[in-house]
1. Per DSSP helix of 4 or more residues, -39500 (n - 2.57); summed, then divided by the residues of the chain. What does that give at 222 nm, rounded to the nearest 500?
2. Could you size up the charge dipole of the chain around its Cα centre, putting +1 on the beta carbon of Lys and Arg and -1 on that of Asp and Glu, and report it in debye to the nearest 20?
3. Would you calculate the volume per residue, in Å³, of the smallest convex hull containing every Cα atom of the chain?
4. Suppose we flag chymotrypsin sites (Phe, Trp or Tyr not before Pro) only when DSSP calls them loop and at most 14 other Cβ atoms lie within 10 Å. Which is the longest uninterrupted stretch of the chain?
5. Here are some pairs, 17/122; 17/129; 17/79; 129/161; 79/161; 17/161; which of them have Cα atoms lying more than 27 Å apart in this structure?
Amino acid sequence: MDEQLEVLLTREEIQEKVKEIANMISDDYKGKEVLLVCVLKGGVVFLSDLMRYLSISTEIDFIAVSSYGISTKSSGVVKIIKDLDTSIEDMHVIIVEDIIDTGLTLRYLLENLRTRLPASLKVCALLDKPERRLLEINADYSGFAIPDKFVVGYGLDYSEKYRNLPDICILDGE
Ligand code: PRP
């Protein structure tokens, strides 16, 4: 079947929201230094916009995780396939995610990063699919709550495609 794209969030709406979130973070962390931990690959476009709107001292690092085995996307068993480059001990860390779906990835990341003794640990996610949540877990900074539709663009993919779209689109017929 042909894949069809329908714009859900325009690039302008996204930029407005990212600016809003960045302003909140800049206020909340005034006088502090933050480390943005981007969760690859989906979070990379959001990170690159967010960091440029921040007015506080900012460092970045990257982590990549994947679920173990077949159909374990919903098991919550996650492995790190690319770890952070440096220690986060005593740092103010914000996890930057494109989307929270079941919440399992985020639970794992929070549990894992907490053991590394950051000064603080918060979560910033552009998109949220509350209907899909399997755990009570939420972002401290959240952009848009969206319906349970397959979305692509602005970092999100379908079989690694569409991450480069500037808008966030619903993909039909995938
Ligand atoms: C997506 C997203 C989150 C996770 C959220 O990553 O970036 O990390 O899924 O899902 P969950 O709340 O159900 O755990 P994905 O595994 O698609 O990898 P990608 O970012 O490399 O595309």
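1. Numbers: 3 runs with 39 residues, N = 174.
-7000 deg cm²/dmol, from helical runs alone.
2. On the way: 20 positive and 31 negative charges, 92 e Å.
Dipole about the Cα centre, nearest 20: 440 debye.
3. Numbers: hull volume 19.4 nm³, N = 174.
Cα-based convex hull of the chain, divided per residue, equals 112 Å³.
4. Segment 69-149 is the longest.
5. Checking Cα-Cα distances, 17/79 exceed 27 Å.
We did not get these values from a lab; they are worked out from the coordinates using the rules stated. What you see is a predicted model; the values in this text were computed from it and never measured. Virtual Cβ from ideal backbone geometry, glycine too; neighbours counted across all protein chains shown.
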